[in-house]
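Working notes for the structure below.
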Amino acid sequence: FRYQPKPKDDDAVRAALLQIAARKPRWGFRKMYQYLRNHGQSWNHKRVHRVYREMGLKLRVKPLKRLPVRTPQPLEAPDAANHSWSLDFMHDSLASGRPIRTLNILDDFNREGLWIEVDTSIPAVRVIRILNLLALWRGLPKQLRIDNGPEFISQQLADWAAEHQVERAFIQPGKPAQNAYIERINRTYREDVLDACLFETVAEAQAITEDWLEEYNAIRPHEALGGLPPYQFALKMP
């Protein structure tokens, strides 16, 4: 004879697992069971695992996306503007908790922040539109230094780059140092704006960002540029 626990016998297990899952949504069965044991519960692991599966708490592991092999170019400062632009995304949220994204674009030559777009969503077609707008007054660069985000590896951006003869210079996954120029402005932008301000709307975040970007380019000294801000450094170059 094998004892079959009644549903009510599992109520305590179910309640305990629900409490843990609410506080630690990324914990799997093993961590949950060890936590319960550490806090004096003596339930058999088979019983806890059965209830865990019945409750549908098993974590779904997202399969890794296979990326093409990347051969990154060395990170070297260009000797002229519009040779290489770096692009990167950042994440934050409004005061309401609604997530927002920023698309940061930098000229690697003088570390000039060309534009930072703020919105709740910035798909590949929006990236292309922003690049086309920048091209109206800057022209287009010879290359874009980018990571392997879905917007950057998209077919839309690949077609646009081929049409305009712009090379996409990919960094290796998990190697942000290969895009160090834009990582530097990202950190400053995070400290000065995203972490320092509480935004009520996307429009407010965009306005504050534009004011900050103008100050960054025109006033803020940059150690890598000999203490000059990006605009001044560009004027001194032949």
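When the charge dipole of the range 153-238 is built from unit charges on Cβ atoms (+1 for Lys and Arg, -1 for Asp and Glu) and taken about the Cα centre, the candidate among Pro176, Tyr216, Gln155 whose Cα reaches farthest toward its positive end is Pro176. Each peptide among 79-85, 22-28, 208-214, 111-117 gets the average number of other Cβ atoms lying within 10 Å of its residues, and from highest to lowest they stand as 111-117, 79-85, 208-214, 22-28.
With a cut-off of 12 Å between beta carbons, the residues surrounding Leu144 carry a summed charge of -3, where Lys and Arg count +1 and Asp and Glu -1.
Is the range 72-213 best put as rounded, prolate or oblate by its Cα gyration tensor, with a ≥ b ≥ c the root eigenvalues, rounded for a/c under 1.5, and otherwise prolate when a/b is larger than b/c, oblate when not? Note, shape of the range 72-213 comes out prolate. Other residues whose C-beta falls under 12 angstrom from the C-beta of Glu204 contribute a net charge of -3, scoring Lys and Arg +1 and Asp and Glu -1. Restricting attention to the chain, lysine pairs at least eight places apart or on different chains and with alpha-carbon atoms under 19 angstrom apart total 8.
When DSSP beta bridges are restricted to pairs lying wholly in the chain, around 70% turn out antiparallel.
Summing +1 for each Lys or Arg and -1 for each Asp or Glu among the other residues whose beta-carbon sits under 12 angstrom from that of Arg101 gives -3. Sequence-ordered 3J(HN,Hα) estimates for the range 91-105 from the Karplus curve with 6.51, -1.76 and 1.60 and θ = phi - 60° stand at 10, 7, 8, 7, 4, 6, x, 5, x, 10, 10, 10, 9, 9, 10 Hz, glycine and proline given as x. Dipole check for the range 128-238: with +1 at the C-beta of Lys and Arg, -1 at the C-beta of Asp and Glu, and the Cα centre as origin, the magnitude is about 580 Debye. Full extension of the chain segment joining Leu133 with Phe29 gains 32.4 nm, where the gain is 0.36 nm per residue of separation less the Cα-Cα distance.
With semi-axes defined as the square roots of five times the eigenvalues of the C-alpha gyration tensor, the equivalent ellipsoid of the chain measures 49, 21, 16 Å, largest first. Computed about the Cα centre, the dipole magnitude for the chain is approximately 2560 debye when only Lys and Arg (+1) and Asp and Glu (-1) carry charge, each at its Cβ.
Bear in mind that the values in this text are calculations on the coordinates, not laboratory data. Computed from a prediction, not measured in an experiment: that's the story for all the values here. Heads up, the Cβs are rebuilt from the backbone with ideal geometry, glycines too, and the neighbour counts pull from every protein chain shown.
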